[in-house]
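Below: the structure, in structure tokens.
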Amino acid sequence: MLRRIRLELARTPEFPEGSHAHGYELVAPLTADGHLDTEAWQANRQIATVHRFWRGEENQTGQLVRTRGGRWAISYLPGPDDDEPIHRLEDHRFVEGQYVSIREADGTVRPFVVVHVRPVPGLS
């Protein structure tokens, strides 16, 4: 089941209430219980896209990738230099209220909360 997943910045020292203006939107296949469907991803990798929105910065668009070490990351350009690892992605359930940690390109690990998970019109 292909889903659009919105992650917003959770509480951090910089943003004690979290932030709706900082986050990611992913399009990815999920299993019925909300885990990443790795078989569906493997069969159709190009459809697993990521959009990063961050107030005050240019929006970025990338892909959900598997690194040589078998870890999951967001990649904006070919090669690993800009990859943003997603901690234990395969263990996460993408359901509203759950948290995901992403190590961003600047090296900072930030928590994000799943705000919504919705079908992708025309692709679900």
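Coordinate-derived values only; no laboratory data. Note that this is a predicted model, so its numbers are computed, not measured. Note that we place each Cβ from the backbone using ideal geometry, even for glycine, and neighbour counts take in every protein chain shown.
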What does the charge count near E25 come to, summing +1 for each Lys or Arg and -1 for each Asp or Glu among other residues with Cβ under 13 Å from its Cβ? +4
Gaussian network model of the chain, Cα springs within a sub-10 Å range: biggest mean-square fluctuation belongs to which of G23, G56, G69? G69
Could you compute the net charge surrounding E8? Neighbours are other residues with a C-beta less than 13 Å from the C-beta of E8; K and R count +1, D and E count -1. +2
Quick one: net charge around H35, please, counting Lys, Arg +1 and Asp, Glu -1 for every other residue with C-beta under 12 Å from its C-beta. -2
Toward the positive end of the charge dipole of the range 2-119, about the Cα centre and with charges on Cβ (Lys, Arg +1; Asp, Glu -1), which of A21, A48, L9 goes farthest? A48
Computed about the Cα centre, the charge dipole of the chain from +1 Lys/Arg and -1 Asp/Glu charges at the Cβ has a magnitude in debye, to the nearest 20, of 280 debye
For the range 100-121 versus the range 19-60, the gap between their alpha-carbon centres in whole angstrom: 8 Å
Expressed as a rounded percentage, what relative contact order does the chain have, with Cα pairs under 8 Å and six or more residues apart? 28 percent
